[in-house]
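K.L.:
Provided herewith is a single structure, encoded as structure tokens, for subsequent inquiry.
The values are calculated or read from the model by the stated rules, or taken from the named source; none is laboratory data. Remember, it's a predicted structure, so these values are computed and weren't measured experimentally. A quick note on method: Cβ atoms are made from the backbone with ideal geometry, for glycine too, and the neighbour counts reach across all protein chains shown. Just the protein is used for accessible areas: all its heavy atoms, side chains included, with ligands, DNA and RNA removed. Shrake-Rupley method; radii C 1.70, N 1.55, O 1.52, S 1.80 Å.
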Amino acid sequence: MSALSSTLRDQIHPLKAPRPDDGRDTNEIAATVKEVLDAVRTRGDEAVRHYSKLFDKSEVTAIEVSAEERAAALAALDPQTRADTEFAIERVRAFAQAQLATILPLEVEALPGLHLGHRVIPIERVGAYVPGGRYPLLSAPIMTLVPAKVAGCDEVIACLPPTAHPAMIAGCHLSGADRIFRVGGAQAIAAMAFGTETIPAVDKVVGPGNAYVNEAKRQVFGPVGIDQLAGPSEIFIVADETGDAEMIATDLLAQAEHDVRTRVGLITTSRALAEATLVEVEKQLKTLSTAPVAGKAWEDFGEIVVCDSEEAMIAYSDHIAAEHLQVHTADPHATAAKLRNYGSLFIGTLASVVYSDKCCGTNHTLPTMGAGRYTGGLWVGSFVKICTHQWLDARGVAAVAPPAVRQSASEGLEGHRRAAAFRLQG
């Protein structure tokens, strides 16, 4: 993340600052991941089973989940949980379909006889990593699998740790996974990237995971595509004096319970609200069942900043580029229109991150660590390619060949010059 300008630094006043980044050495993680990738590339399923036993403490015999096992997991799913999962799937599917409808093929005649265009082509095979985590997060497969199916990918596979809750198999099934495999961690990324005897090689890997999964995605990128490199989750709230401290504290702690490294913060123009929120967070932690996680995240990575003006508040928010950004101001739509760096925006006090996390339709796989400055989150467009094409008739050649000939000659590229000039001979 870029450094704050001196002008902005003078206009923000931290009431609670996160602890400095500990600068954890990632060399050990990188080395371990490289070893796993090399082993899976050369030894396939045998290496997958070895690392499942080593890291997940699980003896995996059948790597692929059978049709019978999928049916059993579905039958064991609580009826209300299934109904809620299907509700979320339909909301995500409907929004992905609406998004896909905006991605259109193109054909233009840029000059007489010069025809340019592009096609929207689904990626052939996609692999979704579905994390296990401490809880069965049924929303996770929905966010990665459903948009891929809507995009029209030929095959969508899912990998989830062998220790994952059986309900996660049901979630993958309901979300449309063509095949499901019991493999987690860096070995899952390796298997999807390189292929094994059982797991097919994919063209793109998507989905969040731990530090080892993230590093594995970084190392395989190139031969296969990835969605993004995800860090710990983030939520920030921009608020003026109309903000409600109890609501803000509730939303911050809801996200903080994800992980002890979750980054949570309030950026406000009201010192009174800042101070009230600080008190309210400590109050709510006393009764929150997930306080051991949420409290640690708040202690280490919680942040409250008071800004001199709305302009400074917006500038600091854009500097942070939070994964989730909530807007609690007197005119939230006006404030939202001024913001530009975020993963997903939640406009007004009724738009809580939890709705997007679970079931409202937007995707919860979003950029972290400041990546919202240059990219958005996972969406149906992540699963298609926009590929250009061109065709010319004699009029088009007459228009573009002469400048192409001259440019090639000036660059000393004789082969290029000849190719450009050849079509003028007729």
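K.L.:
Determine whether R261 is at pLDDT 95 or above, open to solvent by 20 Å² or more (accessible area, probe 1.4 Å) and within 24 Å of the chain's Cα centre (by Cα).
P.N.:
no
K.L.:
Among (1) open to solvent by 60 Å² or more (accessible area, probe 1.4 Å); (2) without any contact (Cβ under 8 Å) to a residue 40 or more places away in the chain, where does F346 come up short?
P.N.:
(1)
K.L.:
Is it the case, given these coordinates, that P136 is surrounded by fewer than 19 Cβ atoms within 10 Å (Cβ to Cβ), without any contact (Cβ under 8 Å) to a residue 40 or more places away in the chain, in contact with a helix residue (DSSP H, G or I) (Cβ under 9 Å, 6 or more places away or on another chain) and under 30 Å from V293 (Cβ atoms)?
P.N.:
Spelling it out, P136 is indeed surrounded by fewer than 19 Cβ atoms within 10 Å (Cβ to Cβ), without any contact (Cβ under 8 Å) to a residue 40 or more places away in the chain, in contact with a helix residue (DSSP H, G or I) (Cβ under 9 Å, 6 or more places away or on another chain) and under 30 Å from V293 (Cβ atoms).
K.L.:
Return the residues of the range 377-426 that are within 30 Å of H324 (Cβ to Cβ) and in a helix (DSSP H, G or I); say none if nothing qualifies.
P.N.:
Step one: list which residues in the range 377-426 are within 30 Å of H324 (Cβ to Cβ), which gives 377-386.
Within the range 377-426, V380, G381, S382, F383 meet the criteria.
K.L.:
Quick check on this structure: which one of G209, G171 is out of contact with any helix residue (DSSP H, G or I) (no Cβ under 6 Å at 6 or more places or on another chain) and either in contact (Cβ under 8 Å) with a residue 60 or more places away in the chain or of a type outside the set (D, E) (or both)?
P.N.:
Of G209, G171, the one residue that is out of contact with any helix residue (DSSP H, G or I) (no Cβ under 6 Å at 6 or more places or on another chain) and either in contact (Cβ under 8 Å) with a residue 60 or more places away in the chain or of a type outside the set (D, E) (or both) is G209.
K.L.:
Quick one: which of A291, A336, A371, A312 is free of Cβ contacts under 8 Å to residues at least 24 places away in the same chain, small (G, A, S) and open to solvent by less than 20 Å² (accessible area, probe 1.4 Å)?
P.N.:
A336
K.L.:
Applying the selection to the range 165-183, what residues are small (G, A, S) and either surrounded by fewer than 24 Cβ atoms within 10 Å (Cβ to Cβ) or in contact with a Cys (Cβ under 7 Å, 6 or more places away or on another chain) (or both)?
P.N.:
A167, G176
K.L.:
Against the condition surrounded by 14 or more Cβ atoms within 10 Å (Cβ to Cβ), outside any loop (DSSP other than H, G, I, E, B), modelled with pLDDT under 95 and among the aliphatic types (A, V, I, L, M), how does L8 come out, does it pass?
P.N.:
yes
K.L.:
Scan the range 378-397 and tell me whether some residue there is under 21 Å from T262 (Cα atoms) and surrounded by fewer than 18 Cβ atoms within 10 Å (Cβ to Cβ).
P.N.:
Looking for residues that are under 21 Å from T262 (Cα atoms) and surrounded by fewer than 18 Cβ atoms within 10 Å (Cβ to Cβ), one finds none in the range 378-397, hence no.
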